[in-house]
């Protein structure tokens, strides 16, 4: 699978998770888990392809998605 296709798939996944995942604890812990696993994957799986997916590239997107979810974890909380 080409890098552009993987990029588009990761962006679509990021958009869907960011829009439809509304639970505060789930956003927080999924963000922490994705950021940690992505950081480990950047080092451990940087040159590995699995079923056509470049695991190093997906690890970078996992870190970005995890940080984005964690930083915007209170997005759907009621203010006041």
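A short reminder: the numbers here are calculations on the coordinates, not readings from a lab. What you are looking at is a predicted structure, and each value in this text was computed from that prediction instead of being measured. With ideal geometry, Cβ positions are generated from the backbone for all residues, glycine too; neighbour counts draw on all protein chains shown.
Laid out as a table, the results:
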read-out	value
Highest-MSF residue in the chain out of 21, 34, 58 [GNM, Cα springs under 10 Å]	21
For the chain, built as a Gaussian network whose Cα springs stay under 10 Å, the top-fluctuating residue of 20, 70, 53	20
Fluctuation leader among 32, 63, 40 - the chain, Gaussian network, Cα springs under 10 angstrom	40
Ascending count of other beta-carbon atoms within 10 Å, so fewest first, for 60, 4	4, 60
Neighbour-count order for 79, 1, 37, fewest beta carbons within 10 angstrom listed first	79, 1, 37
Cα long-axis angle, helix 55-71 against the chain (0 to 90 degrees, to the nearest 10)	10 degrees
Identified option (computed volume of the Cα convex hull per residue in Å³; candidates [x] 99; [y] 78; [z] 87)	[y]
Sorted by Cβ density within 10 Å, fewest first, the residues 3, 54	3, 54
Relative contact order %, the stretch 3-71, counting alpha carbon pairs below 8 Å whose residues are six or more apart	39 percent
